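**Q** The following block contains the structure, expressed as structure tokens.
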Amino acid sequence: KFLSLPASPTLVYPYVPGELSVYDSGTGILLASGLSIRQIAKTGEPVIFGGSSSGQNASSIPFHKEPDGAAVVPTEDGGWMYISNSEQSKQPVNGTGGVYGLEFDNEGEIRDYRPLLLNSTRNCNGGLTPWLTWVSCEEVAGGQCWQVDPFGSETGRVPQRTSIVEEEGGSFEAFTYDDRNASRPCFFVTEDHERGALRRWCPDSYLLNETWNMLHGNGTRDYLKIINGTNKFEWTPSLQEGRASAAEYFPFTEGISHDGKGLLYFVSKHIKVLFIANLDTLEYRSEFTNNTRLMIGDGIFDNEPDHVLLTGNDDVLYFTEDGGRPGVYGRKKSTGEYFALMEGQDEKYKHDEATGLAWSPDWKRIYVCIQDKGVLFEITRDDGLPFDHDANQLRLKHHPK
């Protein structure tokens, strides 16, 4: 009798951020070692559903144009919804943007795709509230910030304009919040304009237990003002002073994120600078995001920083890139080192924009879009582990520059 030999174990390469060694020919995306990618939606085409829970094979409407800011919220049955803005900007402009939702089951298969907000314009980025609704920011003259309930079809809530920004509007970009002090939560919005003031809005006390309604009543609005010649800033009630400070120090602000501990991160895209503002000490510091000396391993993050996103792990801040060969990059907060996670290697992605960065609730799936091409990708680790599993001990690939 012949002895049967055990099957050889499948070789799984470890996830090594900064080592861009995996080229996926199907998508044209260059990935860090240990990652895989698949396309799950494309502009103009129906969204294909998977698994047995969808009830049908595809959506009745095509995937939206120019996908931009995004987030993920869990569903009650263990699934999740990917919320995605549409920065539709081709003529006719007015009312052609919106917000859409892709709903996943607990196996990560798409089971529904539907509009969440219609008749809005150039919905750029936004952000989640503490109660897991989405604030969608319009980047157009006179634009507003809309609160959207991703499950509004069940709760009966319809999208509503918030009180965070002025009635005359502006060209707004992204949203975040600081709710460490339950008696004085505050909300922040960036404006993508040469004189785009960074707004802080704190609701009046009678709204503190209202969640949804908190963003639609009275409050105090002020603006970040850097104190000349210092590393300090203050909040001024003067919009004019806020605009002047933005023009001098942080024009065209894009992504913004709060770490829950008092540090506010935001980026100025045209000057390619990351600002880190301490909300408690009113001090700030800044750094260029295109500093090649801080880039570890492969990849080049030399174009405009766009979205910024903190994950479940405290030590990594993620960015998307606008221009060049758009990619997704991380920054280790403990060391200041940058690393690449993916880049659009194919020529068709040149001068495009990476958008829509979000994680599934279990941190095992990254969602990211290439905007002009209108494609939504899902990225996973080959070892099946969540992306924040070993983020504090990331084995960055160091290459000499």
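The values are calculated or read from the model by the stated rules, or taken from the named source; none is laboratory data. Keep in mind it's a predicted model, so treat the numbers as computed, not measured. Using ideal geometry, Cβ is built from the backbone for each residue, glycine included, and neighbour counts are taken over all protein chains shown. Surface accessibility is based on the protein's heavy atoms, side chains included, excluding ligands, DNA and RNA. Shrake-Rupley method; radii C 1.70, N 1.55, O 1.52, S 1.80 Å.
**Q** Identify all residues within region 108-150 that are open to solvent by 40 Å² or more (accessible area, probe 1.4 Å) and among the hydrophobic types (A, V, I, L, M, F, W, C); write none if there are none.
**A** Answer for region 108-150, where residues must be open to solvent by 40 Å² or more (accessible area, probe 1.4 Å) and among the hydrophobic types (A, V, I, L, M, F, W, C): 118, 128, 131, 132, 141, 146.
**Q** Same structure, new question: Need at least 2 residues that are among the small types (Gly, Ala, Ser) and under 15 Å from the mean Cα position of the chain (by Cα) per element, so show me which strands (runs of 3 or more DSSP E) inside region 73-181 make the cut, counting only ones lying wholly within it.
**A** 80-86, 123-128
**Q** How many of the residues making up region 346-383 are out of contact with any helix residue (DSSP H, G or I) (no Cβ under 7 Å at 6 or more places or on another chain), open to solvent by 40 Å² or more (accessible area, probe 1.4 Å) and farther than 13 Å from residue 37 by Cα?
**A** Adding up the residues that qualify gives 10.
**Q** Are any residues in region 25-37 assigned to a strand (DSSP E or B) and either among the hydrophobic types (A, V, I, L, M, F, W, C) or closer than 16 Å to residue 299 by Cα (or both), and if so, which ones?
**A** 29, 30, 31, 32, 33, 35, 37
**Q** Being crowded, with 20+ Cβ neighbours inside 10 Å, out of contact with any Leu (no Cβ under 8 Å at 6 or more places or on another chain) and either free of Cβ contacts under 8 Å to residues at least 24 places away in the same chain or on the phi > 0 side of the Ramachandran plot (or both) is the filter here, so list the residues in region 57-107 that pass it.
**A** Matches in region 57-107: 66 only.
**Q** Pick from 281, 236, 320, 253: which is crowded, with 16+ Cβ neighbours inside 10 Å and either more than 17 Å from the chain's Cα centre (by Cα) or modelled with pLDDT under 95 (or both)?
**A** After applying the criteria, what remains is 236.
**Q** Still on this structure, please answer the following. Do you know which of the residues in region 285-301 that are loosely packed, with under 15 Cβ neighbours inside 10 Å and modelled with pLDDT under 95 is farthest from the chain's Cα centre (by Cα)?
**A** 293
**Q** On to the next question. Which residues, taken from region 247-287, are of a type in the set (A, V, I, L, M, F, W, C) and in a strand (DSSP E or B)?
**A** Correct list: 256, 263, 264, 266, 267, 273, 274, 275, 276, 277.
**Q** If I filter region 204-212 for residues that are touching a Leu at 6+ places or on another chain (Cβ under 9 Å) and either within 21 Å of residue 138 (Cβ to Cβ) or among the aromatic types (Phe, Trp, Tyr) (or both), do I get at least one hit?
**A** No, the conditions are met nowhere in region 204-212.
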